[in-house]
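Peer 1: Sharing a structure with you now.
The values are calculated or read from the model by the stated rules, or taken from the named source; none is laboratory data. In this text, all values refer to a predicted model and were calculated from it rather than measured experimentally. Don't worry about glycine lacking a Cβ; one is built from the backbone with ideal geometry, like all the others, and counts go over all protein chains shown. We work out accessible area using only protein heavy atoms, side chains counted, and drop any ligands, DNA or RNA first. Shrake-Rupley method; radii C 1.70, N 1.55, O 1.52, S 1.80 Å.
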Amino acid sequence: MIYDKSMSRRVFLIINYTILLLISLLCILPFINLLAVSFSSSAAVSAGSVTFWPVEFTTKAYEFALTGGSFFSSLWVAIQRTVIGTVVNLVLIVLTAYPLSKSKQKLMGRNIYMGFFIVTMLFSGGLIPTYLVVVKMGLIDSIWSLILPGALPVFSMIILMNFIRGLPEEIEESAIIDGAGPVQVLLRILLPLLKPALATVGLFSIVAHWNSWFDGIIYMNNPDNYPLQSYLQTLLQSFEQIMLKSGSDYTQLLSMMNARTGRAAQMFLGAIPILLVYPFLQKYFTKGLVLGSVKG
C-alpha cells in the first residue's frame, strides 16, 4: 500500500486528529467529573474542590442509591420496557419493510403505503391527541403506554427496507422455485442475511427506549411505575425531598452525602447498562447504515 507522505497530508492528519481528540475530551470529561463527584465527600463537593479525581473518597452516595429511593424498581421497569419495546419494534419493522421492499409491480399500491408511512414520520399526531388515545385505550400506568405509541419506528423501517432491496433478487427467486412461500423466504432466507441491519435498528431501539424519560412522566400517574430515566429526571428536580423522606432510615448515610453526590451516583449507575451493551453492537452502526442507505 502506498501512503501519501506530502506536507499537506501530514497537516491534514494533525488537524484531523487534534479536532477528534478535542471532541472526545468534550464527551468524556463531563462523565469523568460525574464519576469523581459521586465518589467524593459532601464537604469536598460543596467546596467545589472536585474536578476529575475523587476527593475524600467515599461510597456513601452509592450505598444510598442502592438501598434508598426507588432506583431498583425503576431499573426493572426500564429493563422490561427496553426488552419488550425492542422486540415489538423489530417484529413490526421486519413485517413492514419486507413487503414494501417489493417493486410497485409486485405490490399494488406500494407508493400509497410508502406515502402514508413517510407522512407519519414527518408529522406526528401531536402530544395531546396521542395522550388522549392512550387514555381512551386504558393504557395509563401500564408499560404498554411506553411501547405502543412508538411501536413502528418508520426511519428504522426505511433503513431495513433499503437493505432488503439491495439483496440480489436471485436469492429469493431460487427459494421460490424450490417451493418456499413468502413466510419461509422471510424467516429462512432473508432474516439470516439481515443480521447487520437488524443489529443497527435494534441498537437504535434499545438506546431510544433506554433514554426516553418524558413519556414516563406523562403516562405514569404512580411514580413507582416510572422507568429509570424518568426517575432520574425527578431526582434532578427534587432529590432533596427524596432524601428527607428517607431520612429516618438512612440518617448516617445522609449525613455523609449531599444532593449532588447522590444525583451523580444514581446517574452513573443508570448509564452502566447501556455502556455494557453498546460495545457489542456499535460495530454494526456504520456498516448497517451504509448498506441500508446506499443500496436500493
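Peer 1: Could you list all residues from region 63-118 that are without any contact (Cβ under 8 Å) to a residue 40 or more places away in the chain and either within 25 Å of SER145 (Cβ to Cβ) or under 17 Å from the mean Cα position of the chain (by Cα) (or both)?
Peer 2: Passing the criteria: PHE72, TRP76, VAL83, VAL87, VAL91, LEU95, PHE116.
Peer 1: Considering (1) under 21 Å from the mean Cα position of the chain (by Cα); (2) of a type outside the set (S, T, N, Q); (3) not in a helix (DSSP H, G or I), say which one PHE204 fails and leave the rest.
Peer 2: So PHE204 meets the others, but not (3).
Peer 1: When only residues in region 4-40 that are over 32 Å from the mean Cα position of the chain (by Cα) and among the polar types (S, T, N, Q) count, which is farthest from GLY262 (Cα to Cα)?
Peer 2: SER6
Peer 1: Looking at (1) without any contact (Cβ under 8 Å) to a residue 60 or more places away in the chain; (2) outside any helix (DSSP H, G or I); (3) open to solvent by less than 80 Å² (accessible area, probe 1.4 Å), which is the only condition THR58 fails?
Peer 2: (1)
Peer 1: Within region 100-108, can one find any residue that is surrounded by 15 or more Cβ atoms within 10 Å (Cβ to Cβ) and modelled with pLDDT of 90 or more?
Peer 2: Yes: one or more hits.
Peer 1: Please determine whether any residue of region 246-268 is modelled with pLDDT of 80 or more and open to solvent by 30 Å² or more (accessible area, probe 1.4 Å).
Peer 2: Yes, there is a match, as at least one residue in region 246-268 is modelled with pLDDT of 80 or more and open to solvent by 30 Å² or more (accessible area, probe 1.4 Å).
Peer 1: A follow-up question, please. Please find, among LEU152, LEU146, the residue that is part of a loop (DSSP other than H, G, I, E, B) and at pLDDT 90 or above.
Peer 2: Testing whether each residue is part of a loop (DSSP other than H, G, I, E, B) and at pLDDT 90 or above leaves just LEU152.
Peer 1: Quick one: in region 145-156, of everything that is out of contact with any Phe, Trp or Tyr (no Cβ under 6 Å at 6 or more places or on another chain) and surrounded by fewer than 22 Cβ atoms within 10 Å (Cβ to Cβ), which residue is nearest to LEU95 (Cα to Cα)?
Peer 2: LEU152
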